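*Asks:* Here it is, the structure in full.
The values are calculated or read from the model by the stated rules, or taken from the named source; none is laboratory data. All figures in this text were calculated on a predicted structure; none of them were measured in a lab. In this analysis, Cβ positions are derived from the backbone assuming ideal geometry, glycine residues included, and neighbour counts consider all displayed protein chains.
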Amino acid sequence: MEGVTMENLLDICLCTSLAINLSVFCYFFIFALADLFVKTCHSSTSRMQLAHKHCAEFMRNFYLESVFYSAQGIAAIIVTLVFHDSVLSFETELPRPAQLLLAASLGFHVVAFFRVAFLGNSCIVKYTIMLMQFMVILTVVAVLITKEDAPMGMILLVSETDMLFANVGKLHKVIRLKGTRRYRVIIYVGAFATVLSRAIIPLGYLAMALLEGSPLKMSISATTVFFVGLVACGAINTWRVNSAVARICRKEERIIEVAPYTNISGSSAGPKPDDMATSISANIEMPPSYNEVFAAEDATATAAPAAEGDLAAASGLTFTNPMADYIVNDSLAHVALATGNTETSNLTTFISIDLSASDLERQRESVMTTDTELSWSG
């Protein structure tokens with residue numbers, strides 16, 4: 001079986017160059033087009049508008065990879081159905097449509113490699129992604145040069161189809177929709193797509209190829225590429241499947257944030273067992289610039305307990321955390337009894353704290369005693 005000819009090499013280089021230029025163009029053009037649509041159809045404080053404003057790099061990558069991985073997966077399936085006798089055998093030459101498809105995939109991965117190298121954050125994830133991209137590039141180049149090992153090339157193309165659902169899940173995290181019903185549906189669908197594209201379909205490709213022939217009948221270079229690519233692709237696919245299954249089984253991590261109250265005297269010395277509240281928030285790091293998203297929600301939330309706010313203003317108190325209603329109500333009743341404000345005391349009957357008359361009288365006596373002790377100490 002002859003290797004790549006000069007004519008095929010020129011076609012592959014031309015297709016790769018075209019894919020590189022098209023990827024760079026789409027990296028900016030699709031985002032600009034989507035940004036124009038978002039500004040026209042969404043308000044200035046919408047989640048997508050803020051994502052375009054503060055996470056432009058992520059959104060550019062999201063649009064580019066969504067388009068490319070979808071097109072690549074569909075094209076790989078079509079090529080497999082049309083040329084199944086050629087792409088599922090080690091002993092036949094790689095068909096021309098499969099060569100052009102692999103050349104286009106090579107151009108995209110070259111762009112992705114340098115994008116991560118120059119724009120990615122310096123961390124272990126960056127170098128892991130770069131290593132994965134380098135292994136894919138090396139395998140695709142070897143398949144194109146030898147024109148053998150078609151099953152491995154098709155496995156690489158099909159395995160990346162699940163990246164669309166992974167990026168959609170990341171988008172929901174960026175726009176703060178994690179925990180919603182739609183996000184959970186995407187996680188389950190993405191896990192199914194990952195298992196299908198990175199485990200079931202690749203194993204099916206490999207099984208049918210082994211039934212047709214043996215990889216040992218290829219040239220030495222093609223056989224070496226097959227086993228190296230099999231190990232690299234198997235490691236990447238196993239990691240992706242494990243991550244997808246873990247996302248389903250993993251419980252949402254939560255942390256407890258202790259928020260101290262302002263005490264009756266007006267000073268906030270620190271958290272105490274009797275004057276603190278707990279608030280639960282998802283343990284996920286989000287862009288701080290998204291605070292504008294919840295400005296309207298915060299205004300609506302603070303307008304609801306208006307009666308308690310007016311009551312606190314009448315008593316001259318400021319509560320730093322309005323979440324623990326039972327603490328606020330108890331403190332308001334405490335101050336109302338201490339000041340002898342009958343109107344404020346009457347308002348406490350509308351507060352669901354279930355205090356009996358003896359409890360109220362005991363609280364008033366304790367406050368009056370404390371005031372007396374303070375006056376003597378002064």
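*Asks:* Before we move on, is Glu57 in contact (Cβ under 8 Å) with a residue 60 or more places away in the chain and within 28 Å of Leu144 (Cβ to Cβ)?
*Replies:* no
*Asks:* Within segment 1-19, which residues are at pLDDT 80 or above and surrounded by fewer than 17 Cβ atoms within 10 Å (Cβ to Cβ)?
*Replies:* Residues satisfying the conditions are Leu9, Leu10, Asp11, Cys13, Leu14, Ser17, Leu18.
*Asks:* Can you pull out every residue in segment 65-81 that is without any contact (Cβ under 8 Å) to a residue 24 or more places away in the chain and over 24 Å from the mean Cα position of the chain (by Cα)?
*Replies:* Listed by number, the residues that qualify are Ile74, Ile78, Leu81.
*Asks:* What number of residues within segment 178-207 satisfy the criterion of being surrounded by 15 or more Cβ atoms within 10 Å (Cβ to Cβ), in contact with a Phe, Trp or Tyr (Cβ under 8 Å, 6 or more places away or on another chain) and more than 21 Å from Met132 (Cβ to Cβ)?
*Replies:* Looking only at that region, the number is 1.
*Asks:* Tell me which residues, restricted to segment 27-72, are of a type in the set (Gly, Ala, Ser) and in a helix (DSSP H, G or I).
*Replies:* Result: Ala32, Ala34, Ala51, Ala56, Ser66, Ser70, Ala71.
*Asks:* Here is a list: Leu88, Leu81, Leu50, Leu94. Which entry is modelled with pLDDT of 85 or more and either assigned by TED's automatic domain parsing to the domain that holds Ser219 or polar (S, T, N, Q) (or both)?
*Replies:* Answer to the selection: Leu81.
*Asks:* Kindly state which helices (runs of 4 or more DSSP H) lie completely within segment 100-195 and contain at least 2 residues that are in contact (Cβ under 8 Å) with a residue 12 or more places away in the chain and within 21 Å of Leu206 (Cβ to Cβ).
*Replies:* Here the list reads 124-146, 150-159, 181-195.
*Asks:* Considering only residues of segment 217-228 that are at pLDDT below 85 and in a helix (DSSP H, G or I), which is surrounded by the fewest Cβ atoms within 10 Å (Cβ to Cβ)?
*Replies:* Taking the candidates together, the pick is Lys217.
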